[in-house]
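Reading through the structure tokens given below for one structure.
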Amino acid sequence: MSARSRRWATISALIVPIVLLAVPAAFAHSELVRSDPSDGGTVAVGRSTFSLWFTESVNPETSGFDLRDDEGNVVDVIVSDTDGEFVELQTEALDESVYVLGWRVVALDGHPSNGAVTFGVGVRPPVTAGSADDGPALTDLALDWINLSALMLVIGALAVSGRVLTHAGDVAHVGRAPERRARRVAAGAGVIAVVMGGVIALERTPRGDGSLTDWVGSTWGTLSGTSWGLVWTGRELALLVMAAFLVLWARPVERRALYARGAIAALSVAVLLDSFTGHASTLPSRSLFAAAASATHLVGAGIWAGGLVILVICVVPLMRRNADLRGPLLSTVWRRFSPMAAVATVLVLASGLYLAGRNLPGLSDVTGTSYGTAVSAKVLLLVGALLLAGLNTMLVNPRFAVPVQRAMGMPAGWAPVSLRRFTTVVTVEAVVLVMAVGAAAWLASVPTAREIAEAQQVAAPQTTSADGLFVTFETVTAGEDQTRLIVRASSTDKIDEQPITDVGVALAGPTGGGSSETLTETEPGRFEAQTAQLGQGDWLATITITRVNLPLTTVPMVVTVAEPNDAHLSKLELVSTVAAAVLLLGLGGVLGDIRRRRRETGTESTTAVAEPAQRR
């Protein structure tokens, strides 16, 4: 390895861990876990507080809430308390009616999500609005598609310009035109990536009813005041530096190799930061592995899909215009790109398998959610692209066609497609891969199946009867370090019913710690309080209820706080992780064997040259 190569390797080795350690561990789409009132529920007349719990922390400054009655009249609502995933809303005392509480929140990963909760005040609502898994908005899908495509074009251009397109100049009547065009495409794609980053940040911030200036101000507040915003801003700065280097690289100037290296370094930082702004790091455990897999997936897809599109743009037109160039370009450009694309394909498959296992709780989620449907579509498109790539590979490297030829009983010299059809087949492969990028953009624009499964999990409250009372007790998370205690108590003896004057809860933890809380009545028969976040294990809750002219009622209940769903490997994750590891080990073995053979061949060549010299 040369001194210059060692220097760049050292810089990369320093940048990668710094970025990995500096970025927060988790971002995610924020989906509604539960609400109080619940969707389709009923509360007493005069209710004025509402609580929402989300799967991830939300940014209250860029989130919006809208409350309307059954006639469409707007009811003023304000955010009275927020703590991570928990949001409390305050409004005037509500009259009897059916209300719809609409919400649009922005999670720390910058992804907006929205939905509605329908509830009745004094009456039961006839329908519920709910929050459905309906797929991404067209605007979100289009922006993510363009953003991913631009990044992949840059990666592809940088990958094929040196090792592949340089050799196109060795073909007569070709020159350096393909390489120059690739550099110009890379520069344009780099600028588009920067612009898309700003547009995506703006689009993910709810505009509300304010002016454009207010919208931009809210966007800046998101970028500068949230964890996602800081990471996204760092990504944008890295892309801006990359785009500047690419513009210089595209110009006919000296030190072009230096500009290419600068672009690669800035792009590496941007890709790493990008992996921390999406699904890969939403997981509560092993998020660094998921982020690394996401970055690997993007780089591999950029080399394969982006590199192929660059060649289709820069080389295929020459092959179509001049039939005499097809053979020479096939044996130089495409033959050099083929092994590069093969390695990138294995990286895409391995990282994709791993990420699918992390974000899909089970096989049933492949068809039961929008995310699973997008995964299925992406897999089908990749299978189609692999089949087309196989046809092209057998034409570029005829030795790979020999086993197929023998198995099919075809004559010697058989090829799956003619040289004349090669440009059509490779163009179709590029189109299929662009569609696969669209499926990847769909995946980036919707909550994962794991996030949806978490949002649909609702803990069942504990219930019991004692001293003529029907008592319900439940605990729900109220922010990152708080738990809300909710007690409902109603008399089963309507003849001798006595009002409740006081409710308390004493908690005893699995390790002996505990606390005591006095609850406040929020509506008739409903009492609430907040306490420190309960740890995992079984908690004994002793509920005391005081009523007028009646003895104290004591109700013991056991509440189990389960460990996170991601604490253990699921079967699907285990299988996908093992499959990814097998692919990577196989790739490492093949590359090691190739390197060993080349080293042995080089040693034999050196010996063959040295022996005649010694005899002389």
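The values are calculated or read from the model by the stated rules, or taken from the named source; none is laboratory data. Since we're looking at a predicted model, the values are computed, not measured. For neighbour counting, all protein chains shown are included, and Cβ atoms are generated from backbone atoms with ideal geometry for every residue, glycine included. What goes into the accessible areas is simple: the full protein's heavy atoms, side chains included, and nothing from ligands, DNA or RNA. Shrake-Rupley method; radii C 1.70, N 1.55, O 1.52, S 1.80 Å.
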Counting sequence-distant residues (5 or more places) and residues on other chains, those with an amide H built under 5 Å from that of Gln530 are Leu485
With x for Gly and Pro, the residue-by-residue ³J(HN,Hα) of the range 327-344, computed from phi through the Karplus equation 6.51 cos²θ - 1.76 cosθ + 1.60 at θ = phi - 60° and given in whole Hz, is x, x, 5, 5, 7, 10, 5, 5, 5, 7, 6, 4, x, 4, 5, 5, 4, 4
Sorted by chain and then number, the residues having a modelled amide H within less than 5 Å of the amide H of Ser57, at least 5 places away or on another chain, are Leu108
Ranked output for segments 353-362, 64-73 by mean other Cβ atoms within 10 Å, highest leading, reads 353-362, 64-73
Burial-style ranking of 309-316, 335-342, 365-372, 248-255, average other-beta-carbon count within 10 Å with highest first, yields 309-316, 365-372, 335-342, 248-255
Residue-ordered couplings for the range 236-250, obtained by feeding phi - 60° into the Karplus form 6.51 cos²θ - 1.76 cosθ + 1.60 and rounding to whole Hz (Gly and Pro as x), are 5, 5, 4, 5, 5, 4, 4, 4, 4, 5, 5, 4, 5, 5, 6
By accessible area (1.4 Å), largest first, Lys571, Lys378 order as Lys571, Lys378
Counting only protein heavy atoms and leaving out ligands, DNA and RNA, the solvent-accessible surface of Thr139 at a 1.4 Å probe, in Å² to the nearest 10, equals 80
Under the Karplus relation with 6.51, -1.76 and 1.60 and θ = phi - 60°, whole-Hz ³J(HN,Hα) for the range 186-202, x at Gly and Pro, equal 4, 4, x, 5, x, 5, 4, 4, 5, 5, 4, x, x, 5, 5, 4, 5
